[in-house]
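**Q** One structure, pasted below without further comment.
The values are calculated or read from the model by the stated rules, or taken from the named source; none is laboratory data. All values reported here derive from a predicted model rather than from experimental measurement. Neighbour counts are summed over all protein chains in view; Cβ atoms, including those assigned to glycine, are modelled from backbone coordinates with ideal geometry. Keep in mind that these areas ignore ligands, DNA and RNA; they rest on the heavy atoms of the full protein, side chains included. Shrake-Rupley method; radii C 1.70, N 1.55, O 1.52, S 1.80 Å.
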Amino acid sequence: MAKSETNSFWRAIAANLLRRWASDPNVMTVLLSCAGNTNALVRSMAVRGLEPLTQVGSQPVIAALNARLNDPVRAVRVEAAWALRQTVDTNSTAGADLLTSLRHNSDQPSGALQMGVFQMDRGNLPAAMDYFQRAVKWDTNSAPLRHALAIALSAQGKSADAVEQLKAAVRLAPNSAEYRYNLALALNEVGKLDQARAALEETVKLDPQFARAWYNLGLAYSALNRPEQAIESLGRAESLDPASATIPYARATILARLGRVEEARAAARRALELNRNLAEAQQLLRALAQ
């Protein structure tokens, strides 16, 4: 639809819906094309769809978004400035447009949340905390607001407070795998490993395709001296994220501790196939050769 739909409205909707799969090369190509469409709504939604790729530093995406900072339509400029919010010049036309939009909406919970995200991504954690706390005060029953506040609290080193906010987020949105996953990470930070393990088990029940949750569940099982379950969980993680070198490396360390040397060597070699500069895997392989 994003490639060939003649109705610009539906084409824009398709571009926006593709955001979840933006990292797929075919999807990225389509979104980059849509970012130069003659219709402003299509350009705007394509920019929104490309935003996740700014985190991985995709140069074609960064170039396309920078071009849209000078778009003749303000809505497109605002979307582009938001996507590039970490580095956008707030004195530029697009940067000023974004700030005007953020300030206009900051007297509402969702607007305060967005302003908090902007401040946090710009490295201004105290200002971000102020907006997140304000948002939660205005809407105490919003799981996304509690989650955002928890992330900021964790960044401040207030792990126990972050756990409480994440527990509230999970109560308010019990079917969110993301919130439960972040709760597990926070519980691990405060030393509650068994509770973290339980939260990770719930996470993979909610989203069996959550590779990082399976990976961390494997690490939790390993720390709790449950190696067979650890290996099984890491195997699930590896099947879902076969490009990650850290997963087979983690599996190799557990196999080595179990004395399953040949399997450990194979796992370490697999990690080095994926990332030949992974020093830990190189060291492990040398140790296993002795």
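**Q** Counting residues in segment 39-91 as N, plug N into 2.2 N^0.38 Å and put the Cα Rg over that result. Present the calculation step by step, with values, prior to reporting the outcome.
**A** Working: Rg = 9.9 Å, N = 53, 2.2 N^0.38 = 9.9 Å.
That ratio works out to 1.00.
**Q** Express the accessible area of the chain per residue in Å², computed with a 1.4 Å probe while the remaining protein chains stay in the model.
**A** Values: 14950 Å² over 290 residues.
Result: 52 Å² of accessible area for each residue.
**Q** Relative to the longest principal axis of the C-alpha atoms of the chain, give the angle of the C-alpha long axis of helix 93-105, reported between 0 and 90° and rounded to the nearest 10°.
**A** Taking the Cα atoms of the chain, the angle to 93-105 is about 80 degrees.
**Q** Whole-Hz ³J(HN,Hα) for each residue in segment 60-75, computed from phi via Karplus 6.51 cos²θ - 1.76 cosθ + 1.60 with θ = phi - 60°, x for glycine and proline: what do you get?
**A** x, 5, 4, 5, 5, 5, 4, 5, 6, 4, 9, 4, x, 9, 4, 4
**Q** Below 19 Å, Cα to Cα, which lysines can Lys167 reach? Residues fewer than 8 away in the same chain don't count.
**A** Within the straight-line cut-off, Lys167 pairs with Lys137, Lys158, Lys192, Lys205.
**Q** With a cap of 15 neighbouring Cβ atoms within 10 Å, and only residues DSSP puts in a loop, list the trypsin sites (Lys or Arg not before Pro) found in segment 225-290. Mind dumping the intermediate values first?
**A** Working: sites: Arg236, Arg251, Arg257, Arg260, Arg265, Arg269, Arg270, Arg276, Arg286; in loops: Arg260, Arg276.
Passing both the DSSP loop test and the Cβ count: Arg276.
**Q** So what's the net charge close to Ala223: Lys and Arg +1, Asp and Glu -1, counting the other residues with Cβ under 11 Å from its Cβ?
**A** +1
**Q** Taking the Cα-to-Cβ direction at Asn7 and at Glu178 and moving 7 Å from each Cα, how far apart do the two end points lie in nm?
**A** 2.9
**Q** State to the nearest 20 debye the size of the charge dipole of segment 168-290 about its Cα centre, where the only charges are +1 on K and R beta carbons and -1 on D and E beta carbons.
**A** Details: 16 positive and 14 negative charges, 46 e Å.
Using only the charged Cβ atoms, the result is roughly 220 debye.
**Q** OK, next. Which FRET efficiency value, to the nearest 0.05, is calculated for Lys192 and Val73 with the Förster distance at 45 angstrom and r the Cβ-Cβ distance? Before the final figure, lay out the partial values.
**A** Working: r = 50 Å, r/R0 = 1.11.
It comes to 0.35.
**Q** Calculate the length of the line joining the C-alpha centroid of segment 216-252 to that of segment 90-125, in whole Å.
**A** If you average the Cα positions of each part, the centres end up 39 Å apart.
**Q** Over the Cα atoms of the chain, each weighted equally, I'd like the Debye log10 I(q)/I(0) at q = 0.09, 0.14 Å⁻¹, rounded to two decimals.
**A** With no solvent term, the Cα-only Debye profile gives -0.57, -1.15.
**Q** Continuing with this model, one more query. Lys and Arg at +1, Asp and Glu at -1: add these up for the other residues within a Cβ distance under 12 Å of Ser33 and post the number. Kindly include the intermediate steps, with their values, before the conclusion.
**A** On the way: positive: Lys3, Arg11, Arg43; negative: none.
My count for the surroundings of Ser33 gives +3.
**Q** In deg cm²/dmol, rounded to 500, what helix-only [θ] at 222 nm does the chain give when every DSSP H run of at least 4 residues adds -39500 (n - 2.57) and the total is split over its residues? Could the numbers behind the result be given before it?
**A** Details: 17 runs with 209 residues, N = 290.
After summing the helix terms and dividing by residue count, I get -22500 deg cm²/dmol.
**Q** With the radius of gyration and the Kirkwood radius both derived from the Cα set of segment 56-190, what is their ratio Rg to Rh?
**A** Values: Rg = 16.3 Å, Rh = 15.8 Å.
Result: Rg/Rh = 1.03.
**Q** May I ask which residue of Ala279, Val73, Trp138 lies farthest towards the positive end of the charge dipole of the chain, with charges of +1 (Lys, Arg) and -1 (Asp, Glu) on Cβ and the Cα centre as origin?
**A** Ala279
**Q** OK, next. Stretch Gln59-Leu17 to full length: gain in nm at 0.36 nm per residue minus the Cα-Cα span?
**A** Computed gain between Gln59 and Leu17 is 12.9 nm.
**Q** Right, next: Which shape class applies to segment 208-275: rounded if a/c is under 1.5, otherwise prolate when a/b exceeds b/c and oblate if not, where a ≥ b ≥ c are the square roots of the Cα gyration tensor eigenvalues? Spell out each step's value before the answer.
**A** Values: a/c = 2.21, a/b = 1.05, b/c = 2.10.
It comes out oblate by the Cα gyration axes.
**Q** Continuing with the same structure: Report, in debye and to the nearest 20, how large the dipole of the chain comes out about its Cα centre when Lys and Arg carry +1 and Asp and Glu carry -1 on their Cβ. Intermediate values should be presented prior to the final figure.
**A** Details: 33 positive and 27 negative charges, 26 e Å.
Value, rounded to 20: 120 debye.
**Q** Cα centroid distance between segment 31-81 and segment 129-181, in Å?
**A** 30
**Q** Residues in segment 164-195, backbone N under 13 Å from the label point at Arg226 (7 Å along the Cα-to-beta-carbon vector): list them, ranges by number please.
**A** It comes to 193-195, nothing else.
**Q** Shifting gears a bit: Along segment 220-229, what does the Karplus equation 6.51 cos²θ - 1.76 cosθ + 1.60 (θ = phi - 60°) give for ³J(HN,Hα), rounded to whole Hz, x for Gly and Pro?
**A** 5, 4, 4, 5, 8, 6, 10, x, 5, 5
**Q** What shape does segment 121-263 have by the C-alpha gyration tensor, where a ≥ b ≥ c are the square roots of the eigenvalues, rounded means a/c under 1.5, and otherwise prolate means a/b greater than b/c and oblate the rest? Each step should come with its number before you reach the end.
**A** Details: a/c = 2.43, a/b = 2.21, b/c = 1.10.
Verdict is prolate for segment 121-263.
**Q** So how much slack lies between Asp107 and Arg212, counting 0.36 nm per residue of separation and subtracting their Cα-Cα distance, in nm? Write down the numbers at each step before the final one.
**A** Numbers: separation 105, 0.36 × 105 = 37.80 nm, distance 3.57 nm.
Full-extension gain reported as 34.2 nm.
**Q** Now a separate question. Assuming a ≥ b ≥ c are the square roots of the Cα gyration tensor eigenvalues, decide whether segment 1-85 counts as rounded (a/c under 1.5), prolate (otherwise, with a/b larger than b/c) or oblate.
**A** On the way: a/c = 1.83, a/b = 1.12, b/c = 1.64.
It comes out oblate by the Cα gyration axes.
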